[in-house]
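See structure below.
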Amino acid sequence: MESPMHPTIAAFEAAAQTGDEAALAPLLSPVVQFLPPTYWARWQGPEAVAAVLGHVGQVFTDFRYRRVMGHGPDWALEFQCKVGDLDAVGVDLITLDADGLIAQLEVVMRPLKTVAALREAMNARVATDPRFLKLRDALTDG
């Protein structure tokens, strides 16, 4: 028997597929942590995490979730996408807090060539986004 999808997970799935930063922000805990697939560090806080996810939504193309698995606070959302002309698959590992908000989001992704292309594209985007001059302090070593 399949367990029902948590409303936060359903809303995240819809917002992530479009890269809608404004729809993502209210789903995030005040202490949310985002662990990206491109380096060993974490973004902290809803403003920083929503901004990063908004950029990711613009870098990924042909993005879609293939499977959603989980219950209670622990969820795994398997996705496929493209970065440029490179294919990728990955998993969003999400932990919800007691209020049902996203407390941690860790993304694992392959293949390495596509992850490298994602890092390059994201670095180019955030270098031109003035919010990241302020938000770079939210990035901490893991």
Matching residues in the range 1-15 - criterion: being more than 10 Å from Trp75 (Cβ to Cβ) and at pLDDT 90 or above: Pro7, Ala10, Ala11, Ala14, Ala15
Candidates Leu112, Leu35, Leu105, filtered to the one that is under 11 Å from the mean Cα position of the chain (by Cα) and surrounded by fewer than 18 Cβ atoms within 10 Å (Cβ to Cβ): Leu35
Some residue of the range 16-24 being among the hydroxyl-bearing types (Ser, Thr, Tyr) and out of contact with any Pro (no Cβ under 6 Å at 6 or more places or on another chain): yes
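Okay, residues lined up against (1) farther than 27 Å from Ala127 by Cβ; (2) touching a residue at least 24 places away in the same chain (Cβ under 8 Å):
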| site | (1), (2) |
| --- | --- |
| His6 | yes, yes |
| Ile9 | yes, yes |
| Ala14 | yes, no |
| Ala23 | no, no |
| Ala41 | no, yes |
| Ala48 | no, yes |
| Phe63 | no, yes |
| Leu77 | yes, yes |
| Ile94 | yes, yes |
Selected residue (only one of Ala138, Ala124, Ala76, Ala50 is within 14 Å of the chain's Cα centre (by Cα), among the small types (Gly, Ala, Ser) and at pLDDT below 95): Ala50
Filtered residues of the range 90-102 (kept if surrounded by 14 or more Cβ atoms within 10 Å (Cβ to Cβ) and either within 17 Å of Tyr65 (Cα to Cα) or small (Gly, Ala, Ser) (or both)): Gly90, Val91, Asp92, Leu93, Ile94, Gly100
Evaluation of Asp87 against (1) crowded, with 16+ Cβ neighbours inside 10 Å; (2) at negative phi; (3) of a type outside the set (A, V, I, L, M) (one fails), failing number: (1)
Some residue of the range 60-69 being under 20 Å from Glu21 (Cβ atoms), β-branched (Val, Ile, Thr), touching a helix residue (DSSP H, G or I) at 6+ places or on another chain (Cβ under 9 Å) and buried (at least 16 other Cβ atoms within 10 Å of the Cβ): no
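The values are calculated or read from the model by the stated rules, or taken from the named source; none is laboratory data. Everything numeric here is computed off the predicted structure, so don't read it as measured data. As a convention, Cβ positions derive from the backbone with ideal geometry for all residues, glycine included, and neighbour counts pool all protein chains shown.
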